[in-house]
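As structure tokens, the structure follows; a few thoughts come after it.
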Amino acid sequence: MPQIHFLDVTNRDGVQTARTGLSKFGKTMVNFYLGRLGVAQSEIGFPFLFHEVPYVRAQVALAGAGAFGGLRLSGWCRGVAQDVEKSLPLGLAHYNLSISTSDYMIANKFRGRLDRDAIIREMTAAVRTAKAGGATTVGVNAEDGSRTDDGFLTEFALAAKEAGADRVRYCDTIGGDTPDRIRERFAKLAAAVAMPVETHCHNDLGLAVANSVSGALGDLEAGQDAWINTCVNGVGERAGNADLLSTILAFRHGFGLEERGIEFGDPIDLSWARRFALWASYALGQPLPYNQVGSGRNAFAHESGIHADGALKDHGNYELYDEATLGPFPADWHTAAGRVVLTGEYGGKAGFRHVMDGLGIEPADEDLAFKLVQLCNAMTGRPLTDDELRLIGGHPNELALLFPGQLD
């Protein structure tokens, strides 16, 4: 039976969001939370960029040490062999390689530099380079796939498969697709190429989650696994990407979906959902809307008489799912009112030990963890959260790779 997998792109598409950003330590925490949630894969960033190299090395080491559970780490590269060649020495096992495929972008982005034949040549060379370099899986991204005609999209995907690709990513790059259309296109393409078609939906019409669900249903109808791209809290360029929590909840609780025998291919644990959403809001500096699905302040709030009366009798009268399944709200050390001792960039050993003892953290290497607390706090520019301190305490040697030459 085909299954559904989530491939989160917060650390690639999400961090490209204008007027926001994450430190490399913040991107590390995204991987930590995705691992706790049970997400299949994280697109961790751009391994061919010089400033991502220490971060990528740290992620590979942390994954090897079990800090991210079963989370797979993948790198995003342009669909050219040179990007892949730069990335291979870092040890990533999974890649997504991206190139534009629509006539619109061929005319208005490449402007004569590439035509359809050249796009396929570039893409297949990049796939072969990745596979020859030991990549376990390679996905090929059809940027602007929603504006690419069926014939060339199929030709592109079949060429990718012949070169060794495992999936093709259909990118609704400008967010103009609609649920009926994308479902039909996914079913047709997945059947024609006999491999999964991965959703990558933007929210310019407010349809990113609906389109992701519909595209996945098209995959399943064709007998293929569905891979869905998401971002925490729906962040992403312009109006954002498909929200991770909303998409999971849609498959778990959407009317009629359970009758289709849909199964997640990975052990999703929503008890981490609130902690992740609220941490991301804090780290990105983007307040959650009151009506944010699942994690917003009003997601389970009732005021009007009829609703309040019904919810008091049985919350199921006016709630689709139990809010307790999303886990507790965080109550971090740094949020305590009144007298509190914190640890950070300018803190000393006494404060560090006080906080770590109070949280029950026994650092694997106390001196190194103390330095990392200072460096990570300097990197984020805000008080470290309890989960951040726990990761530092538990994996100081791997996290030290984020700061080459600074801890000698």
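The values are calculated or read from the model by the stated rules, or taken from the named source; none is laboratory data. All of these numbers come straight from a predicted model, not from anything done at the bench. Cβ sites come from the backbone with ideal geometry, for glycine too, and all protein chains shown count toward neighbours. All accessible areas refer to the heavy atoms of the entire protein, side chains included, with ligands and DNA or RNA removed. Shrake-Rupley method; radii C 1.70, N 1.55, O 1.52, S 1.80 Å.
Some notes on this structure:
- Of all beta bridges that DSSP places with both ends in the chain, some 5 percent have antiparallel geometry.
- When the solvent-accessible area of the chain is split by element, carbon and sulfur atoms take up 51 percent of it, the probe being 1.4 Å.
- Excluding ligands, DNA and RNA, the accessible surface per residue across the stretch 17-111 is 35 Å² with a 1.4 Å probe.
- Sum of -39500 (n - 2.57) over DSSP H runs of 4+, divided by residues of the chain (222 nm, nearest 500): -12000 deg cm²/dmol
- Choice from Leu88, Leu257, Leu37 with maximal GNM fluctuation in the chain (Cα, 10 Å cutoff): Leu257
- Dipole of the chain, positive end: most advanced residue of Leu372, Val138, Ala160 [Cβ charges, Cα centre]: Leu372
- If the segment from Phe110 to Glu258 were pulled out straight at 0.36 nm per residue, it would be longer than the present Cα-Cα gap by 48.9 nm.
- Span-rule helices in the chain, defined as complete DSSP H runs reaching 15 Å or more along the axis (Cα) with Kyte mean at least -0.5: 24-37, 53-64, 116-132, 150-163, 179-193, 208-221, 273-284, 366-380
- Secondary structure note: in the stretch 102-248, about 10% of the DSSP beta bridges are antiparallel.
- Dipole magnitude (debye, nearest 20) for the stretch 113-256, charges at Cβ of Lys, Arg, Asp, Glu: 260 debye
- In range of the label at Glu162: residues from the stretch 179-203 whose backbone nitrogen is under 15 Å from the point 7 Å along Cα→Cβ: 193-194
- Here's the picture: charge each Lys and Arg Cβ at +1 and each Asp and Glu Cβ at -1 in the chain, and of Ala222, Val197, His315 the one pushed furthest to the positive end of that dipole is Val197.
- When the Gaussian network model of the chain links Cα atoms closer than 10 Å, the mean-square fluctuations of Ile44, Ile99, Ile361 top out at Ile361.
- Candidates Ala191, Ala93, Ala250, ranked by Gaussian network fluctuation over the chain, Cα under 10 Å, top entry: Ala250
- Label separation (Asp357 vs Ala194): 6.6 nm, computed from points 7 Å beyond Cα along the C-beta direction.
- Loop sites in the stretch 229-265: chymotrypsin sites (Phe, Trp or Tyr not before Pro), DSSP, at most 10 other Cβ within 10 Å: Phe255
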